[in-house]
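The values are calculated or read from the model by the stated rules, or taken from the named source; none is laboratory data. Just so you know, these numbers come straight off a predicted model, no measurement behind them. Note that we place each Cβ from the backbone using ideal geometry, even for glycine, and neighbour counts take in every protein chain shown. Only protein heavy atoms, including side chains, enter the accessible area calculation; ligands, DNA and RNA are left aside. Shrake-Rupley method; radii C 1.70, N 1.55, O 1.52, S 1.80 Å.
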There are 2 protein chains.
Amino acid sequence: MKHSLLLSSLADEAHAFETKSDAPILSRNLGMRAVKAALAAPRLAIEKVTPSVDEGRFAVKRIVGETVHVEADVFMDGHDSIAVSLLWRAADVTQWNKTRMVALGNDRWAADFPLGRMGRYLFTIEAWRDTWATMRGELMKKNEFQQNIALEITEAIEFIEQTAQHLETAHEGLKNLTLALKEASTAKQHDVLLALLLDEQTAAILSEVDHRPFLLRLDTLFPVDSERREANFSSWYELFPRSQGTTHENDHGNFDDVIARLPAIRDMGFDVLYFPPIHPIGMTYRKGRNNHPAATAEDIGSPYAIGSAEGGHDAIDSKLGTFEDFSRLLRAAEEHGLEIALDFAIQCSPDHPWLRGHPEWFLWRSDGSIRHAENPPKKYEDIINVDFYAGGINGPVAPNLWLALRDVVLFWVRQGIRIFRVDNPHTKPLSFWQWLIAEVRGKHSDVIFLSEAFTRPKVMARLAKIGYSQSYTYFIWRETKAELMQYLNELNAQPLCEFFRPHFFVNTPDINPWFLQRSGRAGFVIRAALAGLLSGLWGMYSGFELCEAAALPGKEEYLDSEKYQIKVRDWQQPGNIISEIALINRIRRANPALQTHLGLEFHNADNDQILYCSKSTANRDNVILIAINLDPFSIQESHVEAPLWKWGLSDDGELNVEDLVSGNRWTWRGKHQSVRLDPAVLPFLAWRITATSMRAN
Amino acid sequence: MKHSLLLSSLADEAHAFETKSDAPILSRNLGMRAVKAALAAPRLAIEKVTPSVDEGRFAVKRIVGETVHVEADVFMDGHDSIAVSLLWRAADVTQWNKTRMVALGNDRWAADFPLGRMGRYLFTIEAWRDTWATMRGELMKKNEFQQNIALEITEAIEFIEQTAQHLETAHEGLKNLTLALKEASTAKQHDVLLALLLDEQTAAILSEVDHRPFLLRLDTLFPVDSERREANFSSWYELFPRSQGTTHENDHGNFDDVIARLPAIRDMGFDVLYFPPIHPIGMTYRKGRNNHPAATAEDIGSPYAIGSAEGGHDAIDSKLGTFEDFSRLLRAAEEHGLEIALDFAIQCSPDHPWLRGHPEWFLWRSDGSIRHAENPPKKYEDIINVDFYAGGINGPVAPNLWLALRDVVLFWVRQGIRIFRVDNPHTKPLSFWQWLIAEVRGKHSDVIFLSEAFTRPKVMARLAKIGYSQSYTYFIWRETKAELMQYLNELNAQPLCEFFRPHFFVNTPDINPWFLQRSGRAGFVIRAALAGLLSGLWGMYSGFELCEAAALPGKEEYLDSEKYQIKVRDWQQPGNIISEIALINRIRRANPALQTHLGLEFHNADNDQILYCSKSTANRDNVILIAINLDPFSIQESHVEAPLWKWGLSDDGELNVEDLVSGNRWTWRGKHQSVRLDPAVLPFLAWRITATSMRAN
C-alpha cells in the first residue's frame, strides 16, 4: 500500500472536513438511502433455528401428539434484555399461537409446542428489546449496590405512564398500577414505589402491553409435518396375493385367499400388509419365469407390467377379484388390525390403455416405438415409462399426465388405501413428487408414502425431504458391526434424523441378500432382530419366515422369482422362524423405545460379532438394552459395559432389568457384565431397565 | 383410522372415476395452476454449497491472490448426465465468468476461481441436463455390449441436426460435423458414423452449443471478501504515544517521540503499530491515576474520554502534535515497513463538541443529564455514549449521527489510515457496523477493521460475519493444553474458519492476564510463542516485552494503568524478551504456514504440559512442527509422535527437518521422538520439514 499519494493533501483534507466543505455534505445526501435502510434493518439477530431442514426449505417430520422443541440463537448488541416468542400454527389456519421462549444461556432460547392433529404445522420466531426487563434489572442491580436510584425510579414511572398513554385500548391492570404509583409518588413513599416497580405483577403487566421496540420476526416459516403414528412405527409384511392359498403353480390365488391368510400374518405381529401392483398385467413382451424374454401361454407375467385390455392403474386384475372383493378384503384386514398398503408403480405395459388414449404422454422414437425400460445390458421389454416432460416444460400436454397420476393415487385413497409404497421414485422428477405428495396430503393428511429408492444417498435424502414419510435404506447391505454402527449413527444424527425415516426391509422380491444366501436359519433371525429392534419401521417379504434363500447363481436375486410366477409354500414348514418374528414384534409393541430408529446409543462390547446398544425414549421412561450376535454360525461371548452412567450410577451401581425374551427379572450389579449368544438357540437378547439404585458400599 | 365410512361408497367411486364424472374434471381444473408451477419448478437440485456462511447470507473471507475452491451437491432424478457450471465475478462488474465444475463422485461437484484483486466477489452455480453426454454414454455402453444401436445412431444424428437448426448464430464446427455425418450416413459407413459420434471433438462442440434443458441457476449469490494479506497475517505492537521517549511521568510524549521508537519496534519484527485514541481528552469528570474519580491538575485523563474544546473524533490532541506531525509519523512508519492502526472508539467525554453541536444525538434524562457509561457497581463518569436510535427508528435525527460516524472513518482514511481497531463494537448496533463497513470498504477495499469485542461467542461471531476482518478472542484466557486445543480446533473448524480471523493479543492495556501475573519471564515467552506460532494475527501491548505484570490487587488489571497516566520505561531493561519476540516474528515471516491460524493439527504428546502440533499451508509446501512447554516453572519432557503418515511414510520412515531456532538441520528416524523444553532457556521449538523419504528396510 502506498500512503505517499494520500498523505500529500492531508492538511487540506483535515481543513475541508472541519469547515464542512461541500464534499462531505454531498456524500451525506447520496448515502441517505443506504443509511435509512441500515437504520430500519433488524437490530436483533435470530439464527440457528432448530428443528429445521435446510434452513426451513423442507419440513421436519414428527408424529401427532408429540411436542416440538424449538430452539434458536437470539441476541442483540449491548447488554439490554430481550424477549423472544415462538409463533406456531397449523398451516391451514391463519391465527398464530404465541409462546414466550426461555433463555437457556449462551444466547440460546427454547420453547415447545404441541402437535394436536395431523397435517402441516408452521412455526417462526420473533424477538424484541424488552425495555421493562432492562429497566427493572438496572433498578434491582443498583438497589443491591445501594446506589442512588431516584432518577431511575422517575424514569421507570415515566416509562409506565407513557406506555399507558400510547395504548390503543386501556388496560385495567396498567391503569391501577399507574394510580398506585402516583399515590406513592405523591406521598414520597420511596420504598413503596420501589416495591411496586420491582413487583412480578408489574413485570407481567408491562410484558402484556409492551410496544416491542426493534421487533424482528423471521420471514421463514419453518414447516413441521405431523403424521400418524404408523408413519414412524409399523411392521410390514409383503405378499403376492396371487400366491396365497394355492396348492400348485398354476392355481392363481385371489383376494379371498389373502383373507384366509390374515390371522396368520396378524399372529406374527405385523400391522401393515403390502401388495405389489394388483392391476391387470400386459401381454405384449410378457416375461416368462425367471425373467425369460419369451412367455408361454401359462405364464402370468410380472405385476409391474401394468395395464392390459382390462384396464390400467385404476383397475384390478380380474384374476385377483373385483372391487367388491377388494373392499371385502379391506374390511377383513381392518378387523384383524391390519392395514393394506398398495404399490404405486408409474409404468406401463405396452398394452396399457394410456398408450392409445394418451399417446402424447409417451416419447415415441423415430421408428414408431417407445423406449422400454433398460439398464444395459439388462432389458425390460414388458415395461415402458411415461415422459414427465412430454410437450416441453411449459407445453400443454404434460399437466394432464401429472394430474392423471395424482388422480390414480386419489382414486385408491377413495377406495380406503392410506399407505403407498412407491416404486423407483428416483427415476421420476423430484418436483413431481413434491407436488403430488403435497396435493394428496393436503387433502388426506393420514396418507403415508414409502420411497422405494435404492440409489445414491443424496437423492434418497432429497426424496425424504420433499415429502416421503418413509424410505427404503442400505440396511439390507449392512452386515458387519462397524457397518451397522456407522449407518445407524448416521441415521440418528443431523441432518437425517429430522426428516429421513428408515424402513428396514430384511428382503424384497428383488433382493435375496447375500448374507441370507449363506447364513441358514440363524441368519434370518439375526436380520429380523436387527431390523425389528433397531428401527421403528421394518418389513419382510413373504418366504423370509420360511428362510427361503434359493438364488439365481451368482446373483442377489431369488431363483424362480415370484415376480414372474406363482409360488406354492407350506407356511408351517419345519425350520420356520414364525415364533421368533412374533416375539420380536411383541417386544416392539410393548416398548416405545423400539418404535423409532432414534434414541439409539452404542455401548462397549469387546467382541466384534456382538452388537450392543441401548434405545431410549426421549423422556427415558422406556430404556431397552439390546445384544445381537451377528455371527450365524458360532456361539459368541462378550464382556459388555452396562451404561450405568446414563442413570448417574457409579461403576458398581445396580440396575433392575427384565429379560424381554423370557420375562424374567433380576438385578445387575456393576457395569461389567457379559453375554453369551448361541445363534442356534436365539441370537439376540433384550432387557428393559425397570429400576435403578445406587449401590450402598 | 376408520376405513368403514370410506368403503361404503367404494364401488360408486370406482364407477365415477371410470366414467369420467364431473368431480375429477373439476379437481383437474382447480389443480392446473399448482401442477403448472410444479412442472416449471427446478428438475435439478443444487445444495450444500461451500464455501459459504449461513447459506450465503454473509461473506466468506479470503486473501487476494488466493484461489477459491467451490463445491456443491448437484443431482437430478434418474440416470441422465448433468452438467454444472460455476459462475463468478467481482461484485462491481456485471459479466459472469463461467467454469465447468467436475464431478468428484457421490453427486459432489467442484471448481476453482481466482481472486485477482481486493474487494467483494460473488459466485453462484448453474446446472442442466447434459443431453449429449447422456446419448453418448448410452451409445458407448450399448456398443460395448454389442447391442443393436442403429436406432440410437439415428436419434443422435437427429439431435445434432435439430441442435444446429435451433442455433441463433451458426457454429462452424457444428456445421462441419453435420456435413460429415450426412456424408457417412449416405455412404452407410456405420463405423465412421459411430466414430464421429463418440469423438471427443464432437462432445466439445455439442457442449458449446447445448441449449441446456432444465437449466437451474441458484438465486443466491455467494459473497467472498478478498482482502489484502495483512488482514490475515500481521504482528501488532500497541503503544500510548504520550508515554514514548519520556524520562519522567509528567513528561508528555508526542509523535516525534514515536518516530524515534520506530526502529526498535521494527527490529522486533512487528508490522502494525497501533495507538489508543489520539484525540483531545475531556476535562469534565476526568479520571485520575488508577481510575480515581477525582483528577488532579496534573492528571492527563483517559484517551477513551474523547473530545474537548480542542475538538472531537476528527481532531488530534495538541500535546501529541499537529496533523503535520502526524503526517510525518505516517511517512516515517512507512519507511520502516510499519503501518499505523488507529482506535475507533464511538464515545464522548462530556466536553465533546457533539454535545453542543448535536444534542439530538444523545439521550437526555429527565434531570437534564446524559447517562454515563457504567456496569454496576462500576461507573465511568468521564465517558458518555451516543444514542444510535435517537429520534426513533425512522426519525429524522439518527441518520446524521450514523453518517457522521462513517465520515470520521473516511476522514482518517483520507489521512492515510487503513487499519481501525474498533473499541467495544458489541455495544453498538450490528446493522450499524454492517452498513459502515460496507460503505467504507466499498470505496476502500484495503481498509481493515479489527473488532475489540470481548463478549458472548455468538455476538463475537456475528460481528465477524457482518464485515470485521479480524476479531479479538478468548485466547488471553486459554492457558491449559486442553483449553488451547479445544479453542484452536473450534477456530479451525466450520463455521468459524470461513469468516472469523482470530487476533491473539497476549495482553492489552485493560487486561493484565492472571497467567502472566504469576508466571515470570518464561510465561511471557510461552504466551508470545503460542500467539505468534499458532495464529496469523498476534499482538502485544508495550511493556509485555519487559515482562511487566504489576497488578491491581486481586484484579486482572495493571497497577498504575497507562490509560490514566504516562509510563516511563527502560526499553533495554534486564530480563526483557525482545530477542525472543524478534525470533518468533522472524520465524513467522519466513514460513507461510504460520501466517494463518488455519492448517493446524494437534499431534500426540504424552505430557499434558507440552502442546505439540503441526501447521501446514494448503498445498503442503510449508509444514512446521511446533512444541511448546506450557509450564513456565519446570523443564518438561515428552514422547511425541512425528506425524509421518501425513507424508505417506511408515512408522519407521525418515523426515529431514530444520530447527527454526538454531538453523540446524538433521534427519528424524521413526515416528517416536522426544522433546525436552526448559522454560528458563526457551520454552518452545519449531521445525520445518525440508524433505521426506521412505526408509529402506
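Only residues that are open to solvent by 10 Å² or more (accessible area, probe 1.4 Å), under 26 Å from B:ARG229 (Cβ atoms) and assigned to a strand (DSSP E or B) were counted across segment B:43-57, and they come to 1.
Residues that are surrounded by fewer than 20 Cβ atoms within 10 Å (Cβ to Cβ) and of a type in the set (A, V, I, L, M, F, W, C) were ranked within segment B:645-673; the one that is nearest to B:GLN609 (Cα to Cα) is B:VAL661.
Which of the residues spanning segment A:477-504 are closer than 26 Å to A:ILE581 by Cβ, open to solvent by 10 Å² or more (accessible area, probe 1.4 Å) and more than 13 Å from the chain's Cα centre (by Cα)? The answer is A:TRP477, A:ARG478, A:GLU479, A:THR480, A:LYS481, A:GLU483, A:MET485, A:TYR487. Note on segment B:69-94: residues that are over 26 Å from the mean Cα position of the chain (by Cα) and in a loop (DSSP other than H, G, I, E, B) total 5. Of the residues making up segment B:220-234, those that are away from every other protein chain (no Cβ under 14 Å), under 20 Å from B:TYR472 (Cα atoms) and in a strand (DSSP E or B) number 1. Take segment A:277-300 and flag every residue that is of a type in the set (A, V, I, L, M, F, W, C), open to solvent by 60 Å² or more (accessible area, probe 1.4 Å) and farther than 18 Å from A:ALA373 by Cα. Correct list: A:ALA297 only.
Give me a count of the residues in segment A:104-126 that are open to solvent by 30 Å² or more (accessible area, probe 1.4 Å) and within 13 Å of chain B (Cβ to nearest Cβ).
Taking segment A:104-126 as the starting set, the residues that turn out to be open to solvent by 30 Å² or more (accessible area, probe 1.4 Å) are A:104-106, A:108-109, A:112, A:114, A:116-118, A:120.
Filter once more, keeping what is within 13 Å of chain B (Cβ to nearest Cβ): A:104-106, A:108-109, A:118.
Matching residues across segment A:104-126 total 6.
Just give me the residues in segment B:447-468 being away from every other protein chain (no Cβ under 11 Å), outside any strand (DSSP E or B) and among the charged types (D, E, K, R), in sequence order.
Of segment B:447-468, the ones away from every other protein chain (no Cβ under 11 Å) are B:449-452, B:454, B:464, B:467-468.
Now restrict to residues that are outside any strand (DSSP E or B): B:454, B:464, B:467-468.
Correct list: empty.
Of the listed requirements (1) out of contact with any helix residue (DSSP H, G or I) (no Cβ under 7 Å at 6 or more places or on another chain); (2) open to solvent by 10 Å² or more (accessible area, probe 1.4 Å), A:LEU677 misses just one: (2).
Between B:GLU161, B:GLU66, B:GLU144, which is away from chain A (no Cβ under 11 Å), surrounded by fewer than 20 Cβ atoms within 10 Å (Cβ to Cβ) and more than 29 Å from the chain's Cα centre (by Cα)? Show your work before the answer.
Numbers: B:GLU66 fails: more than 29 Å from the chain's Cα centre (by Cα); B:GLU144 fails: away from chain A (no Cβ under 11 Å).
Exactly one of B:GLU161, B:GLU66, B:GLU144 is away from chain A (no Cβ under 11 Å), surrounded by fewer than 20 Cβ atoms within 10 Å (Cβ to Cβ) and more than 29 Å from the chain's Cα centre (by Cα), namely B:GLU161.
Take the conditions within 11 Å of chain B (Cβ to nearest Cβ) and open to solvent by 40 Å² or more (accessible area, probe 1.4 Å) and apply them to A:ARG129. Does it pass? Outline the logic, then answer.
On the way: within 11 Å of chain B (Cβ to nearest Cβ): yes; open to solvent by 40 Å² or more (accessible area, probe 1.4 Å): yes.
Yes: the conditions hold for A:ARG129.
Among the residues of segment B:630-657, which ones are in a helix (DSSP H, G or I) and either over 11 Å from B:ILE689 (Cβ atoms) or touching a helix residue (DSSP H, G or I) at 6+ places or on another chain (Cβ under 7 Å) (or both)?
Filtering segment B:630-657 down to residues in a helix (DSSP H, G or I) leaves B:644-647.
Passing the criteria: only B:TRP645.
Condition first: among the small types (Gly, Ala, Ser) and either modelled with pLDDT under 95 or open to solvent by 10 Å² or more (accessible area, probe 1.4 Å) (or both). Now tell me which residues in segment A:631-644 satisfy that. Selection gives A:SER634, A:ALA642. Name the residues in segment B:324-340 that are open to solvent by less than 20 Å² (accessible area, probe 1.4 Å) and in a helix (DSSP H, G or I), would you? Across segment B:324-340, the qualifying residues are B:PHE326, B:SER327, B:LEU329, B:LEU330, B:ALA332, B:ALA333. Starting from residues that are touching a strand residue (DSSP E or B) at 6+ places or on another chain (Cβ under 7 Å) and of a type outside the set (Lys, Arg), keep the ones in segment B:408-419 and report whichever is nearest to B:ALA345 (Cα to Cα). By that ranking, first place goes to B:VAL409. Can you spot a residue in segment B:352-373 that is of a type outside the set (D, E, K, R), over 31 Å from the mean Cα position of the chain (by Cα), in a helix (DSSP H, G or I) and closer than 21 Å to A:GLY78 by Cα? There is at least one residue in segment B:352-373 that is of a type outside the set (D, E, K, R), over 31 Å from the mean Cα position of the chain (by Cα), in a helix (DSSP H, G or I) and closer than 21 Å to A:GLY78 by Cα. Restricting attention to segment B:164-200, the residues that are open to solvent by 80 Å² or more (accessible area, probe 1.4 Å) and either in contact with a strand residue (DSSP E or B) (Cβ under 7 Å, 6 or more places away or on another chain) or within 14 Å of another protein chain (Cβ to nearest Cβ) (or both) total 1.
Can you find a residue in segment A:513-521 that is in contact with a strand residue (DSSP E or B) (Cβ under 8 Å, 6 or more places away or on another chain) and touching a residue at least 40 places away in the same chain (Cβ under 8 Å)? No, segment A:513-521 contains no residue that is in contact with a strand residue (DSSP E or B) (Cβ under 8 Å, 6 or more places away or on another chain) and touching a residue at least 40 places away in the same chain (Cβ under 8 Å). Reported count of residues in segment B:647-667, each being farther than 15 Å from B:LEU685 by Cα and not β-branched (Val, Ile, Thr), is 10. Each residue in segment A:626-663 was checked for being closer than 22 Å to A:ALA522 by Cα and among the basic types (Lys, Arg), and 0 of them qualify. On the given criteria, is A:ASN400 surrounded by fewer than 20 Cβ atoms within 10 Å (Cβ to Cβ), in a helix (DSSP H, G or I), modelled with pLDDT under 95 and in contact with a helix residue (DSSP H, G or I) (Cβ under 9 Å, 6 or more places away or on another chain)? Here the answer is yes, as A:ASN400 does meet what is asked.
Anything in segment B:655-674 that is under 28 Å from B:ALA582 (Cβ atoms) and of a type in the set (Val, Ile, Thr)? List them, or say none. First the steps, then the outcome.
Pass one, segment B:655-674, residues under 28 Å from B:ALA582 (Cβ atoms): B:655-666, B:668, B:673.
Answer for segment B:655-674, where residues must be under 28 Å from B:ALA582 (Cβ atoms) and of a type in the set (Val, Ile, Thr): B:VAL657, B:VAL661.
Being open to solvent by less than 20 Å² (accessible area, probe 1.4 Å), over 20 Å from the mean Cα position of the chain (by Cα) and farther than 23 Å from B:PRO509 by Cα holds for only one residue in B:ILE610, B:ILE577, B:ILE526, and it is B:ILE610. For segment B:420-446, a tally of residues being more than 10 Å from chain A (Cβ to nearest Cβ) and either buried (at least 22 other Cβ atoms within 10 Å of the Cβ) or closer than 16 Å to B:PHE344 by Cα (or both) returns 7.
Looking at B:ILE628, B:ILE566, which is the one that is open to solvent by less than 20 Å² (accessible area, probe 1.4 Å) and in contact with a His (Cβ under 9 Å, 6 or more places away or on another chain)? Don't jump to the end; show me each part of the working.
On the way: B:ILE628 fails: in contact with a His (Cβ under 9 Å, 6 or more places away or on another chain).
Only one candidate passes the filter, namely B:ILE566.
Whenever a residue of segment B:360-374 is at the interface with another protein chain (Cβ under 9 Å from one of its Cβ atoms), its partners that are at pLDDT 90 or above and open to solvent by 50 Å² or more (accessible area, probe 1.4 Å), lying with C-beta atoms within less than 6 angstrom and at least six residues away or across chains, give the pairs B:SER366/A:THR154. The single residue among B:LEU30, B:LEU39, B:LEU26 that is at pLDDT below 95 and facing chain A (nearest Cβ under 8 Å) turns out to be B:LEU39.
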